[in-house]
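K.L.:
Take a look at the following structure, please.
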Amino acid sequence: MKVLTGGQMRAIDHLTMEAGVPGLVLMENAGCRFVEFLERHYGPLDQHRIVVICGKGNNGGDGLVIARQLNIRFKPRSLDVVLAYPPTEFKDDTATNWKMLQVTGTRVTRTLEPRMRAATLVIDALLGTGLEGPARPPALDWIREINGGFPGAAVVSVDVPSGLFDGGESVRAADTVTFTAPKVEQVIPPTCDRVGRLHVVQIGTPASLMDKSPEYWLNLVEPRLFRRLFEPRPPGSHKGDFGHVLVIGGAPGKGGAAAMSGLAALKIGAGLVTVATSEEERRTVTALAPELMTQSIAQDPGGKDVLAIGPGLGVEPDLAGVAQRLFAQSALPLVIDADGLNALAGTAFHGPGPWRVLTPHPGEMSRLAGCKTTDIQADRVGVARKFAMERNVVLVLKGQRTVTAFPDGRAFLNPSGTPAMATGGSGDILTGMIAGLMAQWPDRREQAVLAAVWLHGRAGELGAAELTEQSLTATDLIRYLPAAIRETQA
């Protein structure tokens, strides 16, 4: 699913109108889709006390359509439209919808009345995607009223929570119903935390306007992208059909990291998994999962389909040399994490052609890119995309809304995940999951990486919901992985 800036969305709307869909129709469709959402998620609507707060632009015009549809179709217990600006400032389609609303006899005011504080639903139609910079009065005053003035109400925002801008105050919505595509501020931290549950609805914009242009390179991961990876297997399948992963890691005292990666690769469906580890740690590996095979780190990786390098590898120079050599010379796809990344940091590495998937957290990314962690966090998407293109690698920058960037410039934001996953070993699990899926799907590696990242986060969400954020551990992610996979098959 494409993710657009406000400017890109306005350009798409303009192209849609040029193609023959009038702006008035787009506004009507937006209002109707919004009301249909309310009916599904908040119905029966005739039991609600609803306040619709409208601005003067197109977002306010959407709000006027919503109010008209609510009045005509559902007759709520009470319905009030509050205009944040005088109707004389309405223009074009918003002005037309103002005239249409007046015909219905809907109650309209310019101020909040005490009785409105008992609302059960507040519709935020104050500011849309045209906002440039933080909200200022009088809009800022209305934002504060929406956030604090209706103690018993759920706030649902039209297209975007009003004022959504990093560094500014905005509406904090329970739900946001956005049109055509998610907007950047809705899916990246910290502003994504104010959106509530995000719902994308279509209002008549042709998908081809976005799909064919390289200008729209930012995407949101969703299960439909990789659902086919989890279709039923052919009845005659055998373990050789699903790939052989080699995990290289597990220096003395760190065998658990490599073992967790290997177990994750098995649980995501790899047919065979071998862990190359130190002699001292082989018993640790097989104790965790007797299905895992072992070999020495020095042994040739021949006969494998994907290499996962780094979990518990250690920082000894000879081990770092193994990671560097395999990165530069191996004809196999590689997934590189942890100490494998540390081995590459400070070198002028460049992907040689076969897939190289790097999975750093922000601290590791700062060492790879030679910049401060704060710089990474300030522009996670931009840094990841630039690095992937320059180094010819697939970069999975972990953290809130993990970014997966490809060498061709496309980037994907992952919406799943939870702070509960901030625990030792979570990254080792992800490394194994990516390697396990890539081994099964050599012709769909892009989908395999995106699937692993989404499933990793979703398993964390499911686990945290049952175990609490404090009690989730890395191996719990494997426990909840089957439930996450089933959701992609629904």
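K.L.:
Excluding VAL396 itself, what net charge comes from residues whose Cβ is under 13 Å from its Cβ, given Lys and Arg +1 and Asp and Glu -1?
P.N.:
+3
K.L.:
Could you please state, rounded to a whole Å, how far the C-alpha centre of segment 105-171 is from the C-alpha centre of segment 1-43?
P.N.:
What the calculation gives is 20 Å, centre to centre.
K.L.:
What's the magnitude of the charge dipole for the chain around its Cα centre, counting Lys and Arg as +1 and Asp and Glu as -1 at the beta-carbon? Answer in Debye, nearest 20.
P.N.:
In total the dipole reaches around 820 debye.
K.L.:
How far is helix 426-440 tilted off the main Cα axis of the chain, in degrees rounded to 10, range 0 to 90?
P.N.:
Tilt of helix 426-440: around 80 degrees.
K.L.:
Give me the extension gain from ARG197 to GLU89: residue separation times 0.36 nm, minus the current Cα-Cα distance, reported in nm with one decimal.
P.N.:
35.7 nm
K.L.:
Further question on the same structure: Give the Kirkwood hydrodynamic radius (Å, one decimal) of segment 1-69, defined as one over the mean of 1/r across all pairs of different Cα atoms. Spell out each step's value before the answer.
P.N.:
Working: mean 1/r = 0.0740 Å⁻¹.
Mean inverse Cα-Cα distance, inverted, gives 13.5 Å.
K.L.:
Let me ask something else about it. Considering only protein heavy atoms and a probe of 1.4 Å, how much of the accessible area of segment 20-95 is carbon and sulfur, as a whole percent?
P.N.:
Of all accessible area on segment 20-95, carbon and sulfur atoms account for 49 percent.
K.L.:
Further, regarding this structure: With the full set of protein chains in place, find how many percent of the accessible area of segment 288-401 is carbon and sulfur; take the probe as 1.4 Å. Please report the intermediate quantities before stating the final value.
P.N.:
Working: 2550 of 4840 Å².
Roughly 53 percent of what the probe reaches on segment 288-401 is carbon or sulfur.
K.L.:
May I ask you to list the trypsin sites (Lys or Arg not before Pro) in segment 72-128 that are in a DSSP loop and have at most 16 other Cβ atoms within 10 Å of their Cβ?
P.N.:
ARG77, LYS91, ARG110
K.L.:
I'd like the distance between the alpha-carbon centres of segment 70-103 and segment 336-413, rounded to an integer number of Å.
P.N.:
Using only Cα atoms, the two centres lie 49 Å from each other.
K.L.:
Counting only the heavy atoms of the protein chains, how much of CYS54 is accessible to a 1.4 Å probe, in Å² to the nearest 10?
P.N.:
Around 0 Å² of this residue is reachable by solvent.
K.L.:
OK, next. Which value results when the Cα radius of gyration for segment 79-122 is divided by 2.2 N^0.38 Å?
P.N.:
Working it through for segment 79-122, the quotient is 1.25.
K.L.:
In square angstrom, what is the accessible area per residue of segment 1-157 with a 1.4 angstrom probe?
P.N.:
On a per-residue basis, segment 1-157 sits at 44 Å².
K.L.:
For GLN470 paired with LYS99, estimate the spin-label separation in nm (one decimal), with each label point 7 Å from Cα along the Cα-to-Cβ line.
P.N.:
Modelled inter-label distance: 6.2 nm.
K.L.:
Where only protein heavy atoms count, and the probe is 1.4 Å, what is the accessible area per residue for segment 192-295 in Å²?
P.N.:
48
K.L.:
Ok, one more. Under a crude label model (7 Å from the Cα following the beta-carbon direction), how far is SER296 from SER213 in nanometres?
P.N.:
Spacing of the two 7 Å Cα→Cβ label points: 5.9 nm.
K.L.:
In segment 190-281, what GluC sites (Glu not before Pro) fall in a loop by DSSP, with at most 13 other Cβ atoms inside 10 Å?
P.N.:
Here the GluC sites (Glu not before Pro) that fit, given the DSSP loop and packing criteria, are GLU215.
K.L.:
Can I ask one more? Please give the FRET efficiency for ARG115 paired with LYS75, using the beta carbon to beta carbon distance and R0 = 22 Å, rounded to the nearest 0.05.
P.N.:
0.80
K.L.:
Please give the net charge around GLN447, taking every other residue with its beta carbon less than 10 angstrom from that of GLN447, where Lys and Arg add +1 and Asp and Glu add -1.
P.N.:
Residues near GLN447 contribute +2 overall.
K.L.:
Of all the accessible heavy-atom surface of segment 214-269, with the other protein chains kept in place and a 1.4 Å probe, what percent is carbon and sulfur?
P.N.:
57
K.L.:
For segment 257-386, report the convex hull volume of the alpha-carbon atoms normalised per residue, in Å³, without decimals. Don't jump to the answer; show the numbers that get you there.
P.N.:
Details: hull volume 15.5 nm³, N = 130.
Here the figure is 119 Å³ per residue.
K.L.:
For segment 195-239, what is the charge dipole size about the Cα centre, in debye to the nearest 20, if Lys and Arg each add +1 at the Cβ and Asp and Glu each add -1 at the Cβ?
P.N.:
320
K.L.:
For segment 298-360, take the alpha-carbon Rg, divide it by the Kirkwood Rh, and send me Rg/Rh.
P.N.:
Rg/Rh for segment 298-360 comes to 0.92.
K.L.:
Next question. Can you show me the helix-derived [θ] at 222 nm for the chain, built from DSSP H runs with n ≥ 4 at -39,500 (n - 2.57) apiece and divided by the number of residues, rounded to the nearest 500.
P.N.:
Mean residue ellipticity, 222 nm, calculated: -12500 deg cm²/dmol.
K.L.:
Tell me the label only: which of (1) 38, 27, 21; (2) 50, 22, 20; (3) 45, 27, 22 is semi-axes √(5λ) of the Cα gyration tensor in Å as calculated from this structure?
P.N.:
It is the value labelled (2).
K.L.:
Give the residue list of chymotrypsin sites (Phe, Trp or Tyr not before Pro) in segment 167-228 that are DSSP loop and have at most 13 other beta-carbon atoms within 10 angstrom.
P.N.:
Listed in order of number, the matching sites amount to none.
K.L.:
Looking at the chain only, what percent of DSSP beta bridges run antiparallel? Nearest 5 please.
P.N.:
Beta bridges within the chain, antiparallel portion: roughly 10 percent.
K.L.:
Please report the net charge: other residues with Cβ closer than 14 Å to the Cβ of GLU469, K and R +1, D and E -1. If you can, show how the numbers build up before the last one.
P.N.:
Working: positive: none; negative: GLU461, GLU466, ASP476.
Here the charged neighbours net out to -3.
K.L.:
On the principal axes of its Cα set, how long, how wide and how thick is segment 53-140? Give whole Å, largest value first.
P.N.:
The Cα atoms of segment 53-140 stretch 37, 29, 20 Å along the principal axes, largest first.
The values are calculated or read from the model by the stated rules, or taken from the named source; none is laboratory data. Here the structure is a predicted model, which means the values were calculated and not measured. Quick reminder, even Gly has a Cβ in these numbers, built from the backbone with ideal geometry, and neighbours come from all protein chains shown. Note: areas computed on protein heavy atoms with side chains; ligands, DNA, RNA excluded. Shrake-Rupley method; radii C 1.70, N 1.55, O 1.52, S 1.80 Å.
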